[in-house]
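Below you'll find the structure, written out as structure tokens, and then a few comments.
Nothing in this text is a laboratory measurement; each read-out follows from the coordinates by a stated rule. Every value quoted in this text rests on a predicted model; they were computed, and no experiment measured them. In this analysis, Cβ positions are derived from the backbone assuming ideal geometry, glycine residues included, and neighbour counts consider all displayed protein chains.
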Amino acid sequence: MFKLWASIVKDVRVLLRDKVGISLMFIMPVILVIVVTTIQNSTFQLMNKNKLTVVVCNKDAGKLSTQLIATINKIGMFKVAQVDKKLNAQQIADGMHANDAMLAVTIPSDFSAKIEAKANSSSNKALKSFGLQADSAKEVKLTGATPLILYYNPSIPESIRFSVNGALASALQIVESRETLRTLYFAINEKEMPQQLENEMLNGKAEINQVPVSKNGSLKAPNATQHNVPAWTIFAMFFIIMSLSGSVVREKVSGSFIRLKTLPTNYAVGLLSKQITYLGVTMFQALVIFSLGLWFFPYINLPALNLPADIFGLFIVTLACGYCAVSYAICIGVFANTQEQANGFGAVSIVILAAIGGLMVPSFVMPGALKTISQLSPLHWCIQAYYGLFLEGAGLKDVMISIIPLVAITIAFQAVTYLGLKRKNLI
Amino acid sequence: MSSLAVNIENLGFHYPGNSGITYDGLNLKIAEGERFGLFGPNGAGKTTLMNLMTGLLVADTGKIELLGHSIGTKSKAVNKLFGFVPQDFSFYQELSPVENLEFFGAWYGLNSKQIAQRTKELLEILGLSHVSDKPVQNFSGGMKRRINLAIGVIHNPKILFLDEPTVGVDVQTRHAIINYLKELNDNGTTLIYTSHQLSEAEGLCERIALIDNGRIVREGNLDKLLEEYDHQNLEDLFLNLTGKDFRN
């Protein structure tokens, strides 16, 4: 026991003097979690609180294009900046730059006329089907509507572009529906449709309430912090590979290992000591990053982290994730022959495991084969367990389904490490 | 002859792919309390033999015993019997001398009280007390050599293997190290030593073995060998027995 204790003391001392290693293990993930959460939070705010500036070039002189612009404004997602109707595509692009806008819409000159024609046609068809108009009534032959043109900055994410497209389509639908309704009303009653009735018919639509489904019945909506803090905590834990595997390799290739092999103590004690020391490091990393989310994020206008109700579950999940990260790092350290090998392979493999594990893009959006592969990444099970606790209000019992595979992967890493040590005659 | 510190019988060893030195039926006996020198040109097999005696390499055939205990067994008990001072600096450069001695002392099986006592003694003897808490990485080569030695002897070993313990040090450090080794030997520690510093070896070793190409060319009492071959010093004897050709 004294040998193990002496080894832990030695490892802690060596670790504390490795300034670069400590920076990689603590400062890098702290910066990462702040930066990524801030960016994702801004995206969320851009879509929900701030307004996207959209340049509108209305080439139509009719009233419906004005209604369309009013409807776009009413959606609440856009700030409309109207420009001269005579502008060409290049000038519109310049207008986007001038207004610092990512989007521009051109309303064609026949916009109102085409919608009115379509409304008349639809109205006639409706009257005919009600039996209120003779079959011989003249049908106007419709030509296809000239499309609106949506210009966008190529740097705008596809997801935002689709949201914008959906919002514009919805605005267009409202204008078309209103016009059809007015035309039909006029055809039947030979007078304008009362504003109140129009409002009741068009605005009285059912609302959509978004409700997060949680296991503990909590109705707190998840935010960027809830997603990012667990994800980057896992990333930080696994990134100890840069220090830990390097430490194992350094010991192997430096003279100290020659002496260690001649001592009356098994090197397994040294590896156990490293596991305990670095497990402590991973737990401390989690403590630092969670504390940051809890107390520091509100100071920089980011949503605060909401800790799960099951704190013991959180401790166990963190312990399981940390031990898996330590086991992986030692496994790489045992097999790598140089520090460059350990660091290079270690860093790249963690980024790959993080990507396929669903830390960067959720695994549920991955294609079928990749979804299966993602289950081989220990980081996948880590994030699943954390999401269970942080986002779904689950308890330890509920996330055991993620902890069990994580423990199995950890055992596999330990077994491979043991075989590697035996093969290299290190124990 | 008194009881044996080292007994090597019919030793066979080859590196994988037969690269490097090969031993085939080597025999060597070193008595307890001896100051024994192992010399030979570069690539002669000195370090390989030392690695075999310390268990860093495993022999293919034959046996190696240290104080009657086979080194080939997996038992770590035999490792307590000897100390090893490798040619490379074998400690943690980030740690201070005290911290290194605390760690290696514990791994040699000493308790904290024994470690503290031996650390104090060794740092005083080897002139390192004034830098006992400074990181070793900033030390001179000579100071690092003394720490390398201190770690190898912290547990008062009965046998001490020294692989070029004074390479790259100044005269003062060499003098201090050699004197300390003689003191250790006076207290009963068997010294098994390799070096290319033949003049230094002459002052330290009583008995020597000259190795070349994995075999012992000559072995015996140093004075008697010099007399037998009519040479004034070990260097002449060395050149006579191993030739003047360059070695890899």
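Structure notes:
- Annotation for the range B:1-47 versus the range B:71-131: alpha-carbon center distance of 25 Å.
- Calculated SAXS-style log₁₀ I(q)/I(0) at q = 0.11, 0.15 Å⁻¹ - the range B:87-215, Debye, Cα scatterers: -0.38, -0.70
- Size descriptor, Kirkwood hydrodynamic radius, that averages inverse alpha-carbon separations across the range B:1-127, Å: 16.7 Å
- Top positive-direction residue, dipole computed over chain A with Cβ charges, set A:LEU202, A:GLY280, A:ILE174: A:GLY280
- Electrostatic dipole magnitude of the range A:51-201 [Cβ: Lys, Arg +1; Asp, Glu -1; Cα centre; debye, to 20]: 80 debye
- Computed from point charges on the beta carbon alone (+1 for Lys and Arg, -1 for Asp and Glu), the dipole magnitude for the protein assembly as shown about its Cα centre is near 1980 Debye.
- Two-site label geometry, A:ARG17 and A:SER163: point separation in nm, points 7 Å out along Cα→Cβ: 5.2 nm
- Neighbour-count ranking [beta-carbon atoms within 10 angstrom, fewest first] of A:THR417, A:THR66: A:THR66, A:THR417
- Computed helical MRE - 222 nm, chain B, DSSP H runs ≥ 4 contributing -39500 (n - 2.57), nearest 500: -10500 deg cm²/dmol
- Spin-label model, A:LEU319 to A:GLU340: label points 7 Å out along the Cα-to-beta-carbon direction sit 4.1 nm apart.
- Using C-alpha pairs below 8 Å separated by at least 6 residues, the relative contact order for chain B is 26 percent.
- For the range A:331-358 and the range A:372-427, distance of Cα centres in Å: 16 Å
- When the Gaussian network model of chain A links Cα atoms closer than 10 Å, the mean-square fluctuations of A:VAL36, A:VAL164, A:VAL211 top out at A:VAL211.
- Evaluated at q = 0.11, 0.12 Å⁻¹, a Debye calculation over the C-alpha positions of the range B:116-191 (equal weights, vacuum) places log10 I(q)/I(0) at -0.25, -0.30.
- Computed over the alpha-carbon atoms, chain B gives an Rg to Rh ratio of 0.96, Rh here being the Kirkwood radius from the mean inverse distance.
- Looking at the range A:51-201, the DSSP beta bridges with both ends there are about 25 percent antiparallel.
- Size-normalised alpha-carbon gyration radius of chain A, reference 2.2 N^0.38 Å: 1.42
- Using just its DSSP H runs of length 4 or more, each adding -39500 (n - 2.57), chain A gives a mean residue ellipticity at 222 nm of -21500 deg cm²/dmol after division by all residues.
- Chain A - Cys residues lacking any other Cys C-beta under 4.7 Å: A:CYS57, A:CYS324, A:CYS331
- Taking other Cβ atoms within 10 Å as a rough exposure proxy, A:TRP5, A:TRP381, B:TRP107 sort from fewest to most as A:TRP5, B:TRP107, A:TRP381.
- Farthest toward positive dipole pole in the protein assembly as shown [+1 Lys/Arg, -1 Asp/Glu at C-beta], among B:GLY17, B:ALA150, A:ALA70: A:ALA70
- Counting only residues at least eight positions apart within a chain, or on another chain, the aspartates and glutamates with an alpha carbon under 13 Å from that of A:LYS59 are A:ASP84, A:ASP110.
- Taking every DSSP beta bridge that has both ends in the protein assembly as shown, the antiparallel portion is near 45%.
- Equivalent ellipsoid semi-axes - Cα gyration tensor, the range B:68-128, angstrom: 24, 14, 11
- Across q = 0.18, 0.20 Å⁻¹, the range A:51-201 modelled as identical point scatterers on its alpha-carbon atoms has Debye log10 I(q)/I(0) values of -1.05, -1.21, in the order of the q list.
- About its Cα centre, the dipole of the range B:197-238 is roughly 240 debye, where the only charges are +1 on Lys and Arg Cβ and -1 on Asp and Glu Cβ.
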